[in-house]
Each structure stands twice: as structure tokens, then as C-alpha cells.
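> The structure is given below, and queries will be raised subsequently.
Only the coordinates and a few stated rules stand behind these numbers; no lab work does. This is a predicted model, so every value here is computed, not measured. Heads up, the Cβs are rebuilt from the backbone with ideal geometry, glycines too, and the neighbour counts pull from every protein chain shown.
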Amino acid sequence: MGIESALDQLHARAAASTGFRVLTAISRGLLAVGFFSTGKIKVLGEPFTTLSPETAIGHFFDAMHRTGPYYRFIGAGQLLAALLLLVPATATLGALVYFPIILNIFIITVALHFQGTPFVTGLMLLASFYLLCWDYPRFKSVLFESPAPLPARPPVSWALTLTVALGAQGAMGTLGGIAAGRIPWDVTLLVIAAALPLVRWSLRRRRTQPA
């Protein structure tokens with residue numbers, strides 16, 4: 001069996017699995033949230049950390065913050081990747097934009113000896129690479145000359161991706177607000193995330209009911 005046939009069969013099994021489709025939807029949602037929060041800070045021109053410039057990590061981020069337009073450019077790239085991941089038609093492009101950014105971030109966290117952060121960025125890097133593998137059919141023509149066509153695969157749930165993204169963002173914002181002694185507007189995101197599955201279930205039930 002050749003490499004192309006082996007990869008085709010492996011991907012076909014994964015694409016046919018409900019578990020992998022759910023994993024793909026969850027990965028897209030969580031990765032989008034991971035870049036949305038940090039990207040927003042940079043685009044607004046706010047400092048990324050409160051660490052003193054006397055430390056290696058603080059000095060690095062202080063220098064990056066002082067670059068101004070470049071600092072905002074990085075944030076804009078993160079926001080772009082996050083938004084692209086949330087839209088089914090652009091999710092592949094989002095994975096392509098996301099991967100080099102998170103790879104760079106992972107290397108930075110390792111090089112500067114962040115405590116615990118390389119584990120988180122490493123998982124994000126792994127999830128980003130997984131999304132590229134999930135879209136293997138779109139890259140197949142780059143890997144192989146005259147590649148054999150692949151069968152159509154079931155779609156990934158956009159509703160689940162959006163629910164995960166809203167839920168994760170809402171939970172992060174709510175916990176942060178409670179820690180600061182206030183109730184943030186992010187609570188509404190949690191309510192929306194909880195309501196989406198109910199709305200989807202209701203619509204499906206109406207479609208299946210006889211007229």
C-alpha cells in the first residue's frame with residue numbers, strides 16, 4: 001500500500017467518525033477563543049503583561065508593545081485567524097493562518113522559560129496541526145501528483161463550534177469578572193451558548209414532525 005492510499009484510508013475513517021467531527025468542532029471553537037482574547041488586547045494597544053521589564057518575559061513583551069503598529073498587526077492576525085475558524089467556508093484558511101502564529105508563540109514560551117505556558121501553547125499547536133490534518137483533502141493536490149479523488153465527507157457542526165466558542169469566552173469572562181468583584185456582560189454569552197442546543201433541537205423536531 002502506498003503512502004497516498006494509507007493517508008486516504010486513515011482520513012476516511014476519521015471523517016466517518018462522529019467523535020472526530022465533534023473533536024474538530026470543539027478544536028475550532030476553543031482555538032478561536034484562545035486567539036480572540038489575546039488578539040483583542042494587542043489590537044487595542046494594551047500591554048500584554050504586568051510583569052516588570054526587569055524580567056526576561058516582561059522585557060520581551062514590553063519591547064514588543066513598544067513597536068506599536070507591529071504589535072497591533074500581530075493582534076489583527078490572531079483575530080483574523082479566530083474569525084476564519086468560526087466560519088465553515090473559511091475554516092481551512094483559518095487553520096492555515098493559525099498554525100504559523102501559534103508555532104511562533106510556542107517557541108517563544110519555550111525559549112523564555114514560561115512556567116506552565118508551554119504546555120498550554122503546545123496543546124494549541126497540536127490542535128492546530130490536527131485541524132490541518134482534518135483538511136487533508138484540500139492539501140492533497142500539493143502532496144501528491146495527480147491525486148485520486150476522495151469521497152465526500154459529512155460536515156462538521158458549525159452550531160457546535162459556535163456553542164463551544166461562546167461558552168468558553170463567556171466562562172472566561174465571567175470567572176474573571178467574579179474574581180474582580182463584578183458581574184460582566186460575558187454572562188450573556190453563557191446564556192446564549194446554553195440556549196443554542198435547545199434552539200437547534202427545537203428546529204430539528206419541527207422538521208421531523210408530520211405536517
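> Pop out the ³J(HN,Hα) list for the stretch 64-80 in order, Karplus 6.51 cos²θ - 1.76 cosθ + 1.60 with θ = phi - 60°, rounded to Hz; leave Gly and Pro as x.
5, 5, 6, 6, x, x, 5, 4, 5, 4, 4, x, 5, x, 5, 5, 4
> Lys/Arg Cβ at +1, Asp/Glu Cβ at -1, dipole of the stretch 3-156 taken about the Cα centre: which of W134, P47, V22 is farthest positive-ward?
In the stretch 3-156, that residue is V22.
> What is the packing order of peptides 65-76, 30-41, taking the mean over residues of other C-beta atoms within 10 Å and listing the highest first?
My ranking of the peptides, most packed first, is 30-41, 65-76.
> Take L83 and R66, extend 7 Å from each Cα along the Cα→Cβ direction, and tell me the distance between the two endpoints in nm.
About 3.1 nm, to one decimal.
> Further question on the same structure: Neighbouring Cβ atoms within 10 Å as the yardstick, rank M172, M124 fewest first.
M172, M124
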